[in-house]
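Have a look at the structure below before the remarks.
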Amino acid sequence: MTWTLAIAVAVGGAVGAPLRFLIDTRITHRVHERSTSLFPWGLLVVNMLGSFIIGVAYVLLDGPMRALLATGACGALTTYSSYSLYVNRMWSKHRATAWKAIIVMPVACISACAAAVIVVRALTAA
């Protein structure tokens, strides 16, 4: 890895991490105002958004720009560790909710990335 790529990843991460915090916090707060849902809607949104953006970056970008957006920003925006912790915490008392997250999160995120790749390739003939 070159210093250029490392700096691009760091800059992207500096953008992605606070975005994840803000988006996840806002959505989670809104959901809890309106319902008693235990499902991690904020986490799902940031992970799907990041997966979609990674799909776009994969098709359109290369080099430092891909590193900045895909590895840096989306790497910090998406979060497998928070997803793992959520499932672990829900498993003992709310197993049905944990199973929903186990099934929904990967399917939704892989679908978001695939949709981005298909749409961008179709629009750009890449």
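A short reminder: the numbers here are calculations on the coordinates, not readings from a lab. Every value quoted in this text rests on a predicted model; they were computed, and no experiment measured them. Cβ sites come from the backbone with ideal geometry, for glycine too, and all protein chains shown count toward neighbours.
Here, P(r) means the percent of Cα pairs in each 5 Å bin from 0 to the largest distance; for the chain it is 2, 12, 17, 20, 18, 14, 9, 5, 3, 0. Between residue 115 and residue 84, the simple label model (points 7 Å from Cα in the Cβ direction) yields a spacing of 2.7 nm. From helices alone, the chain scores -26500 deg cm²/dmol at 222 nm; the rule is -39500 (n - 2.57) for each run of n ≥ 4 DSSP H residues, then divide by the residue total.
Against the main long axis of the alpha-carbon atoms of the chain, helix 80-91 sits at an angle near 10°. Build a GNM of the chain with springs between Cα atoms under 10 Å apart, and of 23, 103, 54 the one that fluctuates most is 103.
Among 57, 96, 116, which one shows the highest mean-square fluctuation when the chain is modelled as a Gaussian network with alpha-carbon springs under 10 Å? Answer for the Gaussian network model of the chain: 96.
Rounded to the nearest 10 degrees, the angle from helix 41-60 to the longest Cα principal axis of the chain is 20 degrees. Result for the chain in a Gaussian network model with C-alpha springs under 10 Å: among 114, 76, 67, the largest mean-square fluctuation is at 114.
Where in the range 1-96 are there trypsin sites (Lys or Arg not before Pro) that are in a DSSP coil and have at most 12 other Cβ atoms within 10 angstrom of their Cβ? Provide the component values of the computation, followed by the final result.
On the way: sites: 20, 26, 30, 34, 66, 89, 93, 95; in loops: 93.
The qualifying sites are 93.
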